Structure formats: C-alpha cells, structure tokens
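Comments concern the structure below.
The values are calculated or read from the model by the stated rules, or taken from the named source; none is laboratory data. All values reported here derive from a predicted model rather than from experimental measurement. Neighbour counts are summed over all protein chains in view; Cβ atoms, including those assigned to glycine, are modelled from backbone coordinates with ideal geometry.
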Amino acid sequence: MGGTMPPERLPLVAGNWKMNFDHLEATYFIQKLAWTLRDSHFDSHRCEISIMPSFTSLRSVQVLVEADHLPLSYGAQSVSVTTQGAFTGDVSADMLARLGCEYVIVGHSERRKYHPEDDANIVDQVRAVLAAGMHPILCVGESFEERRQGIALDFAVGQVTDVTRDLSDEQTSNILIAYEPVWAIGTGMVATPESAQEAAGAMRENIRSAFDDSVSAAVRILYGGSVTSRNAAQLIEQPDIDGFLVGGASLDVDEFASIARITEKFVRRLGRH
Ligand code: 13P
C-alpha cells in the first residue's frame with residue numbers, strides 16, 4: 001500500500017425497489033424504516049442505508065429525509081446519458097442531483113434486458129452520473145449460460161473493465177460495483193459466500209492492476225441477488241464484499257432493517273467502519 005493506510009470502506013445496504021411502491025407507499029415505508037432503525041439503536045456511522053425508489057417517489061423521499069434529518073441516503077435506478085433536450089421520458093443526472101440523490105444504479109441486468117442499454121450506453125451513464133457529482137452503482141454479473149460454460153468470473157470482471165477502461169483514477173474511485181449474478185436475481189438462488197468473494201476479489205484485483213492502489217482500496221463492491229436476513233451474515237464476512245444491493249427483501253421493512261442490522265453488527269464486531 002506504499003505505506004499509506006487504505007481508506008475505510010463504509011458498508012452500504014441499498015434497496016433497489018425496482019418498479020414497486022408509489023410515492024405514498026414510499027413515504028410510509030421510509031417512516032417505518034426510520035422508526036425501526038431508531039428503536040434498535042442502529043448506528044448509521046457504521047453502515048449506510050440507501051433506498052432507490054421510482055423516479056415518482058424521489059421528491060417525497062427527499063422532503064422526508066431532509067425534514068426529519070433521517071440517516072438515510074437515496075438514489076435512482078437509471079439515468080439519461082444526455083443533459084437536456086428533446087428526449088421524451090428521460091430524466092437527466094442533474095435533475096437527480098438536484099433531488100439530493102447520492103447514487104444511481106447503472107447497467108442493472110433488467111435494464112440491459114428490457115432497454116437498449118449496451119456497454120457504450122452504460123459507460124455514458126456512468127460518466128453522466130459522475131459529472132453530476134453522484135456515485136454510479138455499476139451492476140455486473142454473469143448469466144446462467146456463462147456460468148454453465150465456466151466463464152462466469154472472466155465475464156463479470158470483463159464487464160467492469162469494459163466500463164472503467166477509459167476512466168480516471170478519481171472517477172473510478174467514485175464508482176460502486178454491484179456483483180449481481182443474473183441467475184441469482186429474484187430466484188432465491190443466492191451465490192455462495194465463496195463464489196461471491198471470488199468475484200469481488202477478482203474485480204478488486206483487476207482495478208488494482210489498472211489503477212492506483214488507493215482506487216482499488218476505495219471502491220465499494222456490493223453483492224446482489226436473493227439477499228435475505230438468512231444469508232447476509234456469511235456474505236458480509238467476506239473481505240471484499242462491502243454491502244448489498246437488495247431487491248425483493250428491500251420491500252419488507254423488517255427484513256430490510258434486519259439485513260442492515262446484520263451488516264452493522266458485523267462491522268461493529270470487527271471494529272471496521
Ligand atoms: P433480488 O434481491 O430480488 O434477488 O434482486 C436483486 C437485485 O436485482 C438488486 O438490484
């Protein structure tokens with residue numbers, strides 16, 4: 001590490017709500033989540049919690065978080081690659097930044113599947129998010145087919161390389177990666193802690209060889225895909241896994257809060273924060 005201490009990586013438990021909850025349901029959820037965390041003395045300095053609701057809920061979430069000083073961040077699930085103009089239905093990175101968004105999910109497999117989001121478009125989204133002062137959560141992960149062919153690791157690491165190739169050290173250190181094997185999303189088939197660590201470790205090593213050591217030490221790598229309170233503990237114990245991108249389980253306040261508490265407790269036990 002060249003004698004310098006690596007920056008500490010604050011674990012992040014992020015809820016990707018996908019296309020669920022209108023703004024009233026979002027408001028209710030966030031209030032209940034805040035009460036639940038407060039009642040259990042959750043320490044947000046040891047584990048960050050973030051919610052990615054629909055665009056239509058962002059303003060309500062912002063007002064609530066700001067008015068009640070809630071220890072939560074929030075973000076969006078996708079973004080336009082352009083800054084403004086005749087792009088009907090698109091939302092720009094600046095609009096999201098103005099709403100106080102900290103994060104934007106980029107390249108989720110559902111976006112890659114249902115929308116024309118190829119690698120070039122994903123790189124442009126990452127650049128747009130960074131230029132607006134937010135952090136992209138870059139989603140990568142192999143499908144069942146790549147796994148069957150035995151090329152899962154190369155595929156997922158290659159996706160990270162494809163996106164970060166032309167970025168600067170500073171840009172890359174502001175990215176988060178979510179390793180989300182496509183076969184694990186919404187299926188109940190979670191990756192084993194060993195295979196999730198293998199992928200996260202390979203991604204970090206890849207970043208280390210392409211960028212400065214301090215970049216690879218700074219980048220937070222999340223695991224996503226059928227995360228629940230039953231499997232979170234073994235996953236968060238892995239040295240290169242810095243938190244979770246949670247889908248289905250983030251729609252249940254108690255379950256989501258449990259995952260956050262498991263993450264926070266592990267960090268507390270380790271003294272890692
Ligand atoms: P599930 O947690 O429902 O498997 O979804 C994961 C996901 O896609 C998060 O982005």
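Every condition in (1) exposed (fewer than 12 other Cβ atoms within 10 Å of the Cβ); (2) hydrophobic (A, V, I, L, M, F, W, C); (3) not in a loop (DSSP other than H, G, I, E, B) is met by M19 except one, and the failing one is (3). Quick check: anything in the stretch 183-190 within 12 Å of the ligand (Cβ to nearest atom), over 17 Å from the mean Cα position of the chain (by Cα) and either of a type in the set (S, T, N, Q) or buried (at least 17 other Cβ atoms within 10 Å of the Cβ) (or both)? Within the stretch 183-190, one or more residues are within 12 Å of the ligand (Cβ to nearest atom), over 17 Å from the mean Cα position of the chain (by Cα) and either of a type in the set (S, T, N, Q) or buried (at least 17 other Cβ atoms within 10 Å of the Cβ) (or both). A residue that is within 16 Å of the ligand (Cβ to nearest atom) and in a loop (DSSP other than H, G, I, E, B) can be found somewhere in the stretch 110-129. For the residues A14, A26, the requirement of being at pLDDT 95 or above, of a type outside the set (F, W, Y) and within 18 Å of the chain's Cα centre (by Cα) singles out A14. Does the stretch 70-92 contain at least one residue that is among the hydrophobic types (A, V, I, L, M, F, W, C) and either more than 30 Å from D118 (Cα to Cα) or in contact (Cβ under 8 Å) with a residue 60 or more places away in the chain (or both)? Yes, because at least one residue in the stretch 70-92 is among the hydrophobic types (A, V, I, L, M, F, W, C) and either more than 30 Å from D118 (Cα to Cα) or in contact (Cβ under 8 Å) with a residue 60 or more places away in the chain (or both). Quick check: anything in the stretch 240-256 among the β-branched types (V, I, T) and touching a Lys or Arg at 6+ places or on another chain (Cβ under 8 Å)? Within the stretch 240-256, one or more residues are among the β-branched types (V, I, T) and touching a Lys or Arg at 6+ places or on another chain (Cβ under 8 Å).
Just one of the numbered conditions (1) free of Cβ contacts under 8 Å to residues at least 24 places away in the same chain; (2) under 19 Å from S40 (Cβ atoms); (3) of a type in the set (S, T, Y) is not true of S209: (2). Screening S229 against (1) within 16 Å of the ligand (Cβ to nearest atom); (2) modelled with pLDDT under 95; (3) not hydrophobic (A, V, I, L, M, F, W, C) leaves a single unmet condition, (2). V106 meets each of the listed conditions (1) crowded, with 21+ Cβ neighbours inside 10 Å; (2) free of Cβ contacts under 8 Å to residues at least 24 places away in the same chain; (3) of a type in the set (A, V, I, L, M, F, W, C) apart from (2).
Per the listing I177, I207, the residue uniquely part of a strand (DSSP E or B) and either surrounded by 21 or more Cβ atoms within 10 Å (Cβ to Cβ) or out of contact with any Asp or Glu (no Cβ under 7 Å at 6 or more places or on another chain) (or both) is I177.
Under 23 Å from A178 (Cα atoms) and either touching a residue at least 12 places away in the same chain (Cβ under 8 Å) or surrounded by fewer than 22 Cβ atoms within 10 Å (Cβ to Cβ) (or both): is that true of R46 in this structure? Yes: the conditions hold for R46. Screening the stretch 144-171 for residues that are in contact with an Asp or Glu (Cβ under 8 Å, 6 or more places away or on another chain) and of a type in the set (D, E, K, R) and picking the one that is farthest from W183 (Cα to Cα) gives D169. For K18, the criteria (1) more than 16 Å from the ligand (Cβ to nearest atom); (2) out of contact with any Leu (no Cβ under 8 Å at 6 or more places or on another chain); (3) within 18 Å of V246 (Cα to Cα) hold in every case but one, which is (1).
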